[in-house]
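Here the structure is laid out as structure tokens; the discussion comes afterwards.
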Amino acid sequence: MPATAPRFGAAAVIRLLLITTALLGTLLAGAAPASAHAALTGSDPKDGAVVATAPRHITLTFSEKIALGSDSIRVLQPSGKRSDTGQVRDMSSGSVVQYGVPLHTGLPDGTYTVAWQAVSADSHPISGAFTFSIGAPSKTTVALPEQPAGGGLVGALYGIARYTAYAGFILLVGGAAFILACWQRGAAERPLQRLVVQGWITLTASTLMMLLLRAPYTGSGKLADAFDLSGLKAVLETKTGASLVSRLLLVGAAALFVAVLFGAYAKKDTPLDENEASEKKDLTFGLALGGAVLAAGIAATWALSEHASTGLQPGIAMPVDVLHLLAAATWLGGLAALLIALYRVPGIERTAVRKFSRVAFASVAVIAATGTYQSWRQVGSWSALTGTAYGQLLLLKIGLVAVLVGIAWFSRRWTGRLAENTAPEEQEEEEGAGTGTAAPAEEPEPVTVPEDRARAAQLARQKAAVATARVKRVRDADPQRLGLRRSVLAEAAVAVVLLAVTTVLTSTEPGRTEMKEAGSGETATAAPTDPVDVRIPFDTGGEDGKGTARVELDPARSGSNTLHLWLERPNGRAMDAPEVKVAFTNNAKEIGPLPATPDRIATGHWSANGVQIPMPGTWEVEVTVRTSDIDQVTVKKNVKIG
């Protein structure tokens, strides 16, 4: 960064444009750019279907490859008895990802429940359930699971561990980078040492927590299963388990890096001769190289096991994800280190602040480049920004980054003013204050050292405290430094919220996948792609009271629909009636009944336009037919609304 405050010239405009581009890049990719969650796109038999004879097997079609166990697909009779053999088979062919499970022979008629649970290729658990009937629908005692996979207490704890793992990585990598690249003397400062060590501890503890919770998170959902050795063994055989173990090994190696950084390196604070200066330079290079390798390795444990490893162009997306994570850690972790230094270390030099300003700007440039690519992978279209849950979260992140970059711009201005107000004589005084002491205004009076060593030590501590307090007063009296402290504090506060939103975003189905499913007309419960056309037999009990009600709903999607209703006699001829009413109810969501009053068009034909269905799902169509003053009946049938 130049030594003067930014002015509104060509260079400043270019910088502002680059930072503005980073708005999209930073938060479209986030801490772990998403690619795709697996989704159930079809089944045979379909949800709600009634088949004449029992099928030989049940097949499920997914949008991508998933990990299934022997108990991942369960088919339950109305009584709750298991009806499948438990032998899950991969029946995929070409681009069609399909899995099946054989059924026992001699199954009775009734309504069967198919419950499934799996792990998506991006490591997130998915689950669902649907029903079909053999012969005719019946009552069932099977209760569908109310809690989805990855939910409940275990899901909450796993989410917290994911957030703290990102936070620990940012503090560890960003804090160390701030020391090596911006303020090497900071290696001897206790507050910065505590920050980096706390980042290491947080990352280690969070990784261990995720490893223990992985089995119940993707399986039973019971916290007690976290200590099941068989479940832990199964986790270690998965891609995610191997990545977590690799992360623990790399974090263990990072402990040696931290020990050298705050041990041998911190002791070489002020080299006395050229040999010591050369040794410190070599040690700095070695630590920077080793630290970069360790940081890239830890970042790769996210890239190789989660979103970046699936979907479009994984060979490009994974290294891009590693770069994005490293740049975000350098920026946000360095920001935390700068905040700690401004508040807890009285002697931080202005040059360190200016160096971090340049490092942060370079990090934003990397985030802009990598994030723009990742945004294309996971969003895909402008309509996905407002039409999907992922896009809505993304807009929230963009707003937060806009605030963060705006505050950072003010921080850069305060940094420029620090440089402007640094006269040569002030620089000399600052160098004296860099060790935590202030240049004396006058010759100190001779001090008589008491013979009592304890008393001498107490006086020395008092003198050091007075000197530190004097430096702190000088620092706090500097309006430029005070303004910088406040702006950096505001940046850090926004960054904490930003990291939380990013963690939630990594567990949300990306907009590209959701829009693709919506465009194909397929949902997790195999919603129809054609208008609903159902026939419902009825009998009012009176004379000429038997017939069939044919209901057609077009396009059978959430929103506005056109309803047609025909009444037919058993011989197929049109049947008239004094009154006909239709209503729609979503029992699962406790919505309805929503009445629709059709108008009579012709003999036996009624129609209504603008019938509103508020949401997709399974809806119960209720048709009421009155054939005389006292003969009336209401019949019902479930249909799928996309």
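The values are calculated or read from the model by the stated rules, or taken from the named source; none is laboratory data. Just so it is clear, the structure is predicted and the values come from calculations on it, not from any experiment. In this analysis, Cβ positions are derived from the backbone assuming ideal geometry, glycine residues included, and neighbour counts consider all displayed protein chains. Calculation scope for accessible area: heavy atoms of the full protein, side chains included, ligands and nucleic acids excluded. Shrake-Rupley method; radii C 1.70, N 1.55, O 1.52, S 1.80 Å.
Can you give the FRET efficiency to the nearest 0.05 for H57 and I591, using r as the Cβ-Cβ distance and R₀ = 41 Å? Can you show the working numbers first?
Working: r = 35 Å, r/R0 = 0.84.
The pair H57/I591 has a calculated efficiency of 0.75.
Once label points are set 7 Å from the Cα along Cα→Cβ at both V497 and Q462, what is their separation, rounded to one decimal in nm?
4.8 nm
How long is the gain from D576 to L256 if the chain were fully straight, where each residue apart is worth 0.36 nm and the alpha carbon distance is subtracted? Provide the component values of the computation, followed by the final result.
Working: separation 320, 0.36 × 320 = 115.20 nm, distance 8.70 nm.
Extending this stretch completely gives an extra 106.5 nm.
Output wanted: per-residue J couplings in Hz (rounded whole) for region 369-377, from phi through Karplus 6.51 cos²θ - 1.76 cosθ + 1.60, θ = phi - 60°, x for Gly and Pro.
Once θ is set to phi - 60°, the couplings for region 369-377 become 5, 5, x, 5, 5, 5, 5, 5, 5 Hz.
I want to check the label-to-label distance for I536 and L229. Put each point 7 Å from Cα in the C-beta direction and report it in nm to one decimal.
The two pseudo-label positions are separated by 5.9 nm.
Which FRET efficiency, nearest 0.05, do D554 and E620 yield, Cβ-Cβ r, R0 25 Å? Write out the running numbers ahead of the final one.
Values: r = 19 Å, r/R0 = 0.74.
My answer for the efficiency is 0.85.
Report the full-extension gain for the segment V96 to Q392: residue separation times 0.36 nm, less the Cα-Cα distance, to one decimal in nm.
So the extension gain works out to 103.5 nm.
List the residues, sorted by chain then number, that are 5 or more residues from G547 or on another chain and whose placed amide H is less than 5 Å from its amide H.
Under 5 Å from the amide H of G547 lie the amide H atoms of F538, each far enough along the sequence or on another chain.
For the pair A292 and A49, what calculated FRET efficiency results from E = 1/(1 + (r/R0)^6), where r is the Cβ-Cβ distance and R0 = 60 Å, to the nearest 0.05?
Details: r = 57 Å, r/R0 = 0.95.
After rounding to 0.05, the efficiency reads 0.55.
Put H324, H104 in order of accessible area, largest first, 1.4 Å probe: what do you get?
Numbers: H324 5, H104 90 Å².
The most accessible residue leads, giving H104, H324.
List the pair-distance distribution P(r) of region 226-349, using every Cα-Cα distance, as the percent of pairs falling in each 5 Å bin from 0 up to the bin containing the longest distance, rounded to whole percents.
So the P(r) values, bin by bin, are 2, 9, 12, 15, 17, 14, 11, 8, 6, 3, 2, 0.
If amide hydrogens are placed 1.01 Å from N in the peptide plane, which non-local residues have theirs closer than 5 Å to the one on A39?
S63, E64
Restrict the search to region 557-642; then list the trypsin sites (Lys or Arg not before Pro) that DSSP places in a loop and that have at most 13 other Cβ atoms within 10 Å of their Cβ.
Numbers: sites: R557, R573, K581, K589, R600, R626, K636, K637, K640; in loops: R557, R573, K589.
Here the trypsin sites (Lys or Arg not before Pro) that fit, given the DSSP loop and packing criteria, are R573, K589.
Would you grab the residues whose amide H sits under 5 Å from the one on Y112? Only those 5+ places off in sequence or on another chain, please, with H modelled 1.01 Å from N.
F132, S133, I134
With a cut-off of at most 15 other beta carbons within 10 Å, and DSSP calling the residue loop, which trypsin sites (Lys or Arg not before Pro) in region 195-298 qualify? Please list them.
Values: sites: R214, K222, K233, K239, R247, K267, K268, K280, K281; in loops: K222, K268.
Loop-located and lightly packed - K222.
Accessible area of region 260-351 with a 1.4 Å probe: how many percent of it is carbon plus sulfur? Provide the component values of the computation, followed by the final result.
Working: 2550 of 3890 Å².
Whole-percent figure for carbon plus sulfur exposure: 66.
Starting from the 7 Å offset along Cα-to-Cβ, what nm value, one decimal, do you get for the label separation of R486 and R344?
Distance between label points: 2.4 nm.
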